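A.B. asks: Attaching a single structure in structure tokens format; questions to follow.
The values are calculated or read from the model by the stated rules, or taken from the named source; none is laboratory data. Only a predicted model underlies this, so the values are computations on that prediction, with no experimental measurement involved. Virtual Cβ from ideal backbone geometry, glycine too; neighbours counted across all protein chains shown.
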Amino acid sequence: MTVYESPHGQLELRDLSVTERVFEGLALGDPDRIVLSDAVTGDSLTAAELEADIRALAGGLSEAGWGAGATIAILAPNMPAYVTVFHGAAFAGATITTINPSYTAPEVAHQLQDSGAQLLVTVSAALETAQAAVSGMDMPIAVIDGDGEANGAMPLSSLMSAPLAAQVPVDLDTHVLALPYSSGTTGLPKGVMLSHRNLVVNVDQALVPVPVYPGEMTVAFLPFFHIYGLTVMMNMYLSAGAGLVTMPRFDLETLLRAIQDHKMRMLCLVPPVALVLAKHPLVEEFDLSALKVVISGAAPLGSATTDAISTRLGCTAMQAYGMTEMSPVSHACCDGYLKPGSIGALVPGTAARIVVPETGQDAAPGGKGELWIKGPQVMLGYHGNPAATAETMAEGGWLRTGDLASVDENGSFAIHDRLKELIKMHGFQVAPAEVEAVLLEHPNIQDAAVLGRADDTGDEAVVAYVVTGDGQVPDLAAHCEARLAHYKHPAKVYSVDAIPKSASGKILRRVLRDAAAPGA
Ligand code: 4UU
């Protein structure tokens, strides 16, 4: 077996809950400094206010029976109070499942049911979707903003009570703290069980190659419902004593103004935003001279874009790599590991193998194979799905990432392709199996297969192949609108005679991918 170890060595594990870790960061500096500020509304929280709100909500949730043993769903865009809800629930010993606020009611309902949530926390803008999602379920709704009472929901403020003095005890290694959804290497989205240990250690692992300094600010437009926003933005920045300007959705001018006004040093983003920074004329109109580091993750970033950003902004542009199932960070670039196009070196306490899928053997040095990862940030498993867990976790605690990778003699890793089914649209996951299931619900579609096709920006578009009785492509707009968030809608639909399948009935996506698109 060829095992690659982190050049940063091991990391001492600290017995803290994720909220206790964040409280350490809040205590670094003036308690009256602003640590969260909403880029649109200007609402803000100081370190002292955030800690008080978290303790008050944790107290109220515990009193109401939504503390230890409960699962709480959050359906909200990034906003300061998102942090209060996540950590209030975590401090009270609950499990939190984070839902994409652009989901349709059926998508929300599915995650609520699958996760076993008992309380849904949302915002007024998503209340209609939330209510449609819970129809027929016994699921109370709490609204973060506004009173919500007129609609049968309760205001979140009604759940604030006497502050909880200490973390409700949970087993840091086995209690499920967070339950974000990911399709992993195959099939439908599944709840990824992450412990306090997973999330705390990953913050400390990421801070070694990518240090964050007390008092500094960055912009959090990467959504907190996704693990990148949750760990790297929310938990890493706050744990380091730093702060966030939260953006409910990406807006270039607001982003540039925030970087300029707060003299931000570092920005974490995804490739489509990297491209905008490299090319958009608006960038010239702002003073971004404080910006020294730009980190891209969640999908591949070409070295041309990396170079363009470095040259235009006079900063270091580099990549990190992660996966929901790894809390998420396993690799990051840093001094000595800045090879163009690479994802950098293993973070501390993390080991990797490069396994050739065809043989199951470790690749020869420099060769390509599937990236396998082992470390304290690797998930506990998939919620309620031991079969998927067994498929993803190889013997010895190795997580199969489904990504084709190689490592050079210096320990810099590169990702070459995705072996798994996953499509990445603007860095968000689209599970082909989920879109296929929705297409098959259409009365005129007999069979369907879905793929990602890279467009000229390097982002992926969702492309569908359908078999219909008359060989015509049906109008799918209304069908998809009711069932799928927009970013999952097929950008192109082709009619085909048959979907290529293996003898066992598995869709042969590579055959489809390699065949020229009919009519394209
Ligand atoms: C090529 O996207 C993520 C997590 C991303 C992340 C988080 C913190 C990156 C850097 C960081 O610091 O999670 P998921 O679960 O949504 O998607 C995981 C998949 C990977 O398996 C891989 O296929 O997203 C793809 N991916 C990348 N691909 C993630 N990062 C990269 C990358 N290059 N840098």
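A.B. asks: Does region 406-427 hold any residues that are of a type outside the set (Asp, Glu), part of a loop (DSSP other than H, G, I, E, B) and within 14 Å of the ligand (Cβ to nearest atom), and which are they?
C.D. replies: Across region 406-427, the qualifying residues are SER412, LEU419, LYS420, LEU422, HIS426, GLY427.
A.B. asks: Which residue out of LYS292, LYS279 is of a type in the set (Lys, Arg) and touching a Cys at 6+ places or on another chain (Cβ under 8 Å)?
C.D. replies: Among LYS292, LYS279, only LYS292 is of a type in the set (Lys, Arg) and touching a Cys at 6+ places or on another chain (Cβ under 8 Å).
A.B. asks: Just to be sure I understand, how many residues within region 179-195 are within 9 Å of the ligand (Cβ to nearest atom) and polar (S, T, N, Q)?
C.D. replies: 3
A.B. asks: Within region 372-398, count every residue that is free of Cβ contacts under 8 Å to residues at least 24 places away in the same chain, more than 13 Å from ALA352 (Cα to Cα) and in a loop (DSSP other than H, G, I, E, B).
C.D. replies: Count: 1.
A.B. asks: Could you list, in sequence order, all residues of region 428-462 that are of a type in the set (A, V, I, L, M, F, W, C), free of Cβ contacts under 8 Å to residues at least 12 places away in the same chain and either more than 14 Å from the ligand (Cβ to nearest atom) or not in a strand (DSSP E or B) (or both)?
C.D. replies: Across region 428-462, the qualifying residue is only LEU440.
A.B. asks: Still on this model: If I filter region 393-404 for residues that are surrounded by 19 or more Cβ atoms within 10 Å (Cβ to Cβ), on the phi > 0 side of the Ramachandran plot and within 16 Å of the ligand (Cβ to nearest atom), do I get at least one hit?
C.D. replies: yes
A.B. asks: Shifting gears a bit: Assess whether GLY367 counts as being in contact (Cβ under 8 Å) with a residue 12 or more places away in the chain, over 22 Å from GLU325 (Cα atoms) and within 13 Å of the ligand (Cβ to nearest atom).
C.D. replies: So GLY367 does not fit the description; no.
A.B. asks: Let me ask something else. Could you grab the pairs with beta carbons closer than 6 Å, sequence gap of 6+ or different chains, first residue in region 399-413 and in contact (Cβ under 8 Å) with a residue 24 or more places away in the chain, second one in a loop (DSSP other than H, G, I, E, B) and within 10 Å of the ligand (Cβ to nearest atom)?
C.D. replies: Going by the 6 Å Cβ cut-off, the qualifying pairs are THR401/MET323; GLY402/THR185; GLY402/LEU419; GLY402/LYS420; LEU404/LEU419; SER412/SER342; PHE413/ILE343.
A.B. asks: Using the structure shown, decide if ALA498 is of a type in the set (Gly, Ala, Ser) and surrounded by 12 or more Cβ atoms within 10 Å (Cβ to Cβ).
C.D. replies: no
A.B. asks: Go through GLU12, GLU24 for me and flag whichever is without any contact (Cβ under 8 Å) to a residue 12 or more places away in the chain and under 19 Å from VAL203 (Cα atoms).
C.D. replies: GLU12
A.B. asks: Working only within region 251-270, note down all residues that are surrounded by fewer than 18 Cβ atoms within 10 Å (Cβ to Cβ) and either within 21 Å of the chain's Cα centre (by Cα) or of a type in the set (A, V, I, L, M) (or both).
C.D. replies: Result: ASP251, LEU252.
A.B. asks: In addition: Would it be correct to say that PRO155 is within 16 Å of the ligand (Cβ to nearest atom), of a type outside the set (D, E, K, R) and modelled with pLDDT of 95 or more?
C.D. replies: no
A.B. asks: Limited to region 389-405, what total is found for residues that are of a type in the set (Gly, Ala, Ser) and out of contact with any Leu (no Cβ under 9 Å at 6 or more places or on another chain)?
C.D. replies: Final tally of qualifying residues: 4.
A.B. asks: Hey, among the residues in region 463-520 that are part of a strand (DSSP E or B), within 32 Å of the chain's Cα centre (by Cα) and among the hydroxyl-bearing types (Ser, Thr, Tyr), which one's farthest from ILE99 (Cα to Cα)?
C.D. replies: Here the residue is TYR494.
A.B. asks: What are the pairs with Cβ atoms under 7 angstrom where one residue, in region 341-360, is basic (Lys, Arg) and the other, located anywhere, is away from the ligand (no atom under 15 Å from the Cβ)? Sequence gap at least six, or different chains.
C.D. replies: Correct list of pairs: ARG353/MET1; ARG353/THR2; ARG353/VAL3; ARG353/ASP362.
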